[in-house]
Amino acid sequence: MYLYAILLVLFLIVSVLLIAFILMQQGKGASMGASFGAGASNTLFGSAGSADFFVKSTWILGALEFILAIILGYMTSHRTSENTDDFTNIEQPAIVKTEMSDAVDSAKAQASEAVDAVKENTAAAVDAVKEQTLEAADAAKEQVSEAVDAAGEQTVAVLDSAKEQLSAVADAAKEQTSAAVSAAKEQVSAVSDAVKEQTGAAVDAAKAAADDAKAAVSEAKDSAKDTAKEAVNSVNEAVKQAESTVVNTKDTN
């Protein structure tokens, strides 16, 4: 009798604890929201330790409640058969029967109330889990949307910075190209001037050499003329001497 009452009280305590642990747990959606930073550091055991503790405790309490329910059911059926077998010939007073009937009715009422409370608490827990899941899903959507917007803004900023850098590089390249072209033009102009000067000097030298050659040719012509005149004069004189010699010879004969 006392063992049955103790087990019944223990069964009720385990039921209340199981309901409490179920209500204290968070759904999968809430854990998803906690993974984005929504209150993970405010839990008693951390973001992962509390979930493991509540899950293990729920499993243990559920197993105890299941075992106690089987034991109480077995004891209830066994007690009923023993009472009918052992006390069939004993006349129980009306007061004892009334107290037992009242106790049974009270236990039934308490069990019914406990079942109703479990159902209500379970429904409330399911509704709370649904609400938390929806809230976590909405929070996750907002965070994802904010992350997408931030990524878009960062991408635009990076593109703008890249455009500015490319523009600066293009301007620097243009300036360097213009400077190189100007330097090349100056070098070409200097080379051209040097070539012109050298060409002018060569032309002047050629002209001077031509003048010198002309003067030498003129001098050679003059000397050749003088030499020819002298040769002609010497020939004339030789002819005159020959003629005088012939005349003298004729006279002598």
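The values are calculated or read from the model by the stated rules, or taken from the named source; none is laboratory data. Given the structure is predicted, the values throughout are model-derived calculations rather than measurements. Glycine gets a Cβ as well: all are built from the backbone with ideal geometry, and neighbour counts include every protein chain shown. Protein only, heavy atoms only, side chains kept; ligands, DNA and RNA dropped before computing areas. Shrake-Rupley method; radii C 1.70, N 1.55, O 1.52, S 1.80 Å.
Restricting ASP193, ASP149, ASP160 to those that are at pLDDT 85 or above, under 29 Å from the mean Cα position of the chain (by Cα), open to solvent by less than 80 Å² (accessible area, probe 1.4 Å) and not small (Gly, Ala, Ser) reduces the list to ASP160.
Among the candidates SER41, SER81, which residue alone is of a type in the set (S, T, N, Q), modelled with pLDDT under 75 and in contact with a Ser or Thr (Cβ under 8 Å, 6 or more places away or on another chain)? It would help to see each step written out before you state the result.
Values: SER81 fails: in contact with a Ser or Thr (Cβ under 8 Å, 6 or more places away or on another chain).
So the residue among SER41, SER81 that is of a type in the set (S, T, N, Q), modelled with pLDDT under 75 and in contact with a Ser or Thr (Cβ under 8 Å, 6 or more places away or on another chain) is SER41.
Before we move on, is MET32 open to solvent by 30 Å² or more (accessible area, probe 1.4 Å) and either modelled with pLDDT of 90 or more or within 28 Å of GLU120 (Cα to Cα) (or both)? It is true that MET32 is open to solvent by 30 Å² or more (accessible area, probe 1.4 Å) and either modelled with pLDDT of 90 or more or within 28 Å of GLU120 (Cα to Cα) (or both). Criterion first (modelled with pLDDT of 80 or more and open to solvent by less than 50 Å² (accessible area, probe 1.4 Å)) does LEU72 satisfy it? Yes.
Would you mind stating whether GLU153 is closer than 30 Å to GLN26 by Cα, part of a helix (DSSP H, G or I) and either among the charged types (D, E, K, R) or in contact with a Cys (Cβ under 7 Å, 6 or more places away or on another chain) (or both)? It is false that GLU153 is closer than 30 Å to GLN26 by Cα, part of a helix (DSSP H, G or I) and either among the charged types (D, E, K, R) or in contact with a Cys (Cβ under 7 Å, 6 or more places away or on another chain) (or both).
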